[in-house]
1. Lys/Arg Cβ at +1, Asp/Glu Cβ at -1, dipole of segment 56-111 taken about the Cα centre: which of GLY78, CYS99, CYS89 is farthest positive-ward?
2. Starting from 0.36 nm per residue, how many nanometres of slack lie between ASN43 and LEU102 once their C-alpha separation is accounted for?
3. Compute for segment 20-111: radius of gyration divided by Kirkwood radius, i.e. Rg/Rh, restricted to C-alpha atoms, rounded to two decimals.
4. When the dipole is taken about the Cα centre of segment 36-92, and only Lys, Arg (+1) and Asp, Glu (-1) are charged at their Cβ, what size is it in debye, to the nearest 20?
5. Would you calculate the separation in nanometres between label points at SER110 and GLU57, each defined as 7 Å from the Cα along the Cα-to-beta-carbon direction?
Amino acid sequence: MRKFFGLAFGFIVVFSSCNEEVANSSKDCGDGVVDVGEECDTNDFSGRSCMTEGFYEGQLLCTSDCKINDASCTGYCGDGVFQGGDEECEGEDLNSTNCHDLGFSSGTLSC
């Protein structure tokens, strides 16, 4: 009986410690350091940027609950807007390029 009580107590302590750590991590939101459960914290994005998120430019924002907001990021492949230097084409817009321009004698070019 005593061994069983010891094991049960050990599991309770471990489980309780895990829950406290996760619960406490949300209290650190706003301290400027990304903690467990946070995508960002103030200006700390853990190396993430609009570019790493698939956009061409802009600045990520961090919400008050430490989630990334990419609303100010702009331009990405597939957005329907030809972005010149960042893209060779977009959807049906082939930037006036054809197969001959690329060194082929015939064919149909697509983006």
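Read-outs: derived from the displayed coordinates by stated rules, not from any lab. In this text, all values refer to a predicted model and were calculated from it rather than measured experimentally. Positions of Cβ are generated from backbone atoms using ideal geometry, with glycine treated the same way; all protein chains shown enter the neighbour counts.
1. Result: GLY78, furthest along the dipole toward the positive end.
2. Details: separation 59, 0.36 × 59 = 21.24 nm, distance 4.39 nm.
Fully extending the segment from ASN43 to LEU102 adds 16.9 nm.
3. Working: Rg = 20.2 Å, Rh = 16.0 Å.
Radius of gyration over Kirkwood radius for segment 20-111 works out to 1.27.
4. Working: 2 positive and 14 negative charges, 41 e Å.
Dipole magnitude for segment 36-92 comes out near 200 debye.
5. 3.1 nm
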